[in-house]
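Readers should treat all values here as calculations from the given coordinates under stated rules, not as data from a laboratory. Given the structure is predicted, the values throughout are model-derived calculations rather than measurements. Here Cβ is always computed from backbone atoms with ideal geometry, including for glycine, and neighbour counts include all displayed protein chains.
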Amino acid sequence: MTDHVIETVTFELNCEADADDFLRAAHDMKTFLDECPGFVSRRLAQAEDGSWLEHIEWRDMTSAKAAAAAIGTREDLRPFLSAIRGDSVKLSHSIIRLAVN
């Protein structure tokens, strides 16, 4: 197993955010992610309570942390980021130890 990394982000949307607009903005992040070295895949899910969970797989920890640091500098990602309630964000990075397909 390689030392791929899963970036896990949990968050809630701002009260005024529209979920459909947010999903369109989330889809538009594809360009940013495709430009990031080490990007493998991404999944975004919504829980029954309305909170969100995002998993992004990276080839290594360096790539994961570089992308996390860069995301806030991109003006084109403002629609996505501004829909998220900042105080609700929890981010962690974990090394994959087992993967079953």
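Please specify each residue of region 85-101 satisfying the condition of being more than 21 Å from C36 (Cα to Cα) and surrounded by 11 or more Cβ atoms within 10 Å (Cβ to Cβ).
R85, S88, V89
Looking only at region 64-84, filter to residues that are of a type outside the set (A, V, I, L, M) and either surrounded by 14 or more Cβ atoms within 10 Å (Cβ to Cβ) or in contact with a Gly (Cβ under 8 Å, 6 or more places away or on another chain) (or both); which one of those is farthest from T10 (Cα to Cα)?
Result: R74.
Within region 17-45, count every residue that is within 16 Å of E7 (Cα to Cα) and surrounded by 11 or more Cβ atoms within 10 Å (Cβ to Cβ).
Count: 13.
Counting only residues that are in a helix (DSSP H, G or I) and either of a type in the set (K, R) or more than 18 Å from R85 (Cα to Cα) (or both), how many does region 1-38 have?
9
Any residue in region 73-101 that's touching a residue at least 60 places away in the same chain (Cβ under 8 Å) and within 12 Å of F22 (Cβ to Cβ): show its pairings with residues that are outside any strand (DSSP E or B) and of a type in the set (A, V, I, L, M) at Cβ separation under 6 Å, as long as the two are six or more apart or on different chains.
Listed by first residue and then by second, the contacts come to A83/A17.
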